[in-house]
Each structure stands twice: as structure tokens, then as C-alpha cells.
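Working notes, beginning with the structure itself.
The values are calculated or read from the model by the stated rules, or taken from the named source; none is laboratory data. Fair warning: this is a prediction, and the values are worked out from it, not measured in the lab. Here the Cβ positions follow ideal geometry from the backbone for every residue, glycine too, while neighbour counts run over all protein chains shown.
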């Protein structure tokens, strides 16, 4: 990714957080499948209230602002490693539910989840040939259904 784009994303996040009256440090780094923007500072907890709704909103506007020029990768915005911890917790839950689905033969549900969280669940069990997952629902927040067996895909 171009250093210019990284610098503009950092400046954008700094402008938004400054407008909110928050004094935060913003860093940008490439990750395997995109870019991670990390926000740190004493006032960062404001973004984490109400289960990280402020952080989700910030990630949404950063993605909306830069999605077109960012390319195929995703943009992840994290604050005080909140998302990193929640992502790992979600992966572990998905693996546990996949194991339960395999043992009991009953489908397991997790959600409602936003698109970012659903992607984490799907990827967490994607390499397990004994289970499958699919999103159900027709709203922004959907439930992920984890089932035993991998459905036969027909052309």
C-alpha cells in the first residue's frame, strides 16, 4: 500500500478523533489481508463504551472514506487492542461451537453479528472439513449458523 494512502488514513482518523475532543495516537501498519489502524491513548476508552460502538462507527467511516482507493484488502481500526482481544474471543467461540455441532449433530448459532464479526467466524472454521457455516438473516446484523458436515456444492 502506498505510504501516501497510509498517511492520509492516519490524518483522517486523527481529524475525526480530534473533532470528538479525544487526544489519541494513531498508527497504521500493513497486515496479511489489508491495513490495521491502531488508536491509543488515555481517552480511547470513550470509543469502547457500549461494546465498542464508537470504535465500530469509526471503522465504518474509515472504510467508507478509503474503500475505493484501498484495493481488495480490508481496513481494521482498533483501539487499545480491544478489537484484537474480541476477535480472538470470537474465534475461540466459533471453534467451540463447531466442535459442539460436530459432537451433537445439531446446528449452533452465534450472533447477531456485524459483517466484520461474521467474517471472523467464517474464517475461524473454514479449514475444518467437518463443519460449515453460513450467515442467515436479511439485516445488517445476521446470525451465523455452524453445522456439522460440509454441504455438497453443486455447479
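Below is a table of values for the structure above.
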{"quantity": "From 57, 101, 94, residue being closer than 28 Å to residue 138 by Cα and modelled with pLDDT of 95 or more", "calculated": "94"}
{"quantity": "Residue in segment 7-24 that is within 11 Å of residue 66 (Cβ to Cβ), touching a strand residue (DSSP E or B) at 6+ places or on another chain (Cβ under 8 Å) and modelled with pLDDT under 90 present", "calculated": "no"}
{"quantity": "Criterion violated by residue 26 - all others in (1) part of a helix (DSSP H, G or I); (2) surrounded by 13 or more Cβ atoms within 10 Å (Cβ to Cβ); (3) more than 18 Å from the chain's Cα centre (by Cα) satisfied", "calculated": "(1)"}
{"quantity": "Qualifying residues in segment 1-23 (those that are in contact (Cβ under 8 Å) with a residue 12 or more places away in the chain and closer than 16 Å to residue 73 by Cβ) - the one surrounded by the most Cβ atoms within 10 Å (Cβ to Cβ)", "calculated": "9"}
{"quantity": "Helices (runs of 4 or more DSSP H) contained entirely in segment 37-144, each with at least 2 residues that are without any contact (Cβ under 8 Å) to a residue 12 or more places away in the chain, in contact with a strand residue (DSSP E or B) (Cβ under 9 Å, 6 or more places away or on another chain) and over 22 Å from residue 16 (Cα atoms)", "calculated": "82-104"}
{"quantity": "Selected residue [touching a helix residue (DSSP H, G or I) at 6+ places or on another chain (Cβ under 8 Å) and closer than 20 Å to residue 12 by Cβ] from 77, 121", "calculated": "77"}
{"quantity": "Considering residues of segment 61-74 that are surrounded by 13 or more Cβ atoms within 10 Å (Cβ to Cβ) and under 18 Å from residue 11 (Cβ atoms) only, the residue nearest to the chain's Cα centre (by Cα)", "calculated": "63"}
{"quantity": "Residue that is surrounded by 14 or more Cβ atoms within 10 Å (Cβ to Cβ) and closer than 20 Å to residue 113 by Cβ, where the choices are 54, 41", "calculated": "54"}
{"quantity": "Residues (touching a residue at least 40 places away in the same chain (Cβ under 8 Å) and either farther than 18 Å from residue 61 by Cα or in contact with a helix residue (DSSP H, G or I) (Cβ under 8 Å, 6 or more places away or on another chain) (or both)) located in segment 25-36", "calculated": "31, 33, 34, 35"}
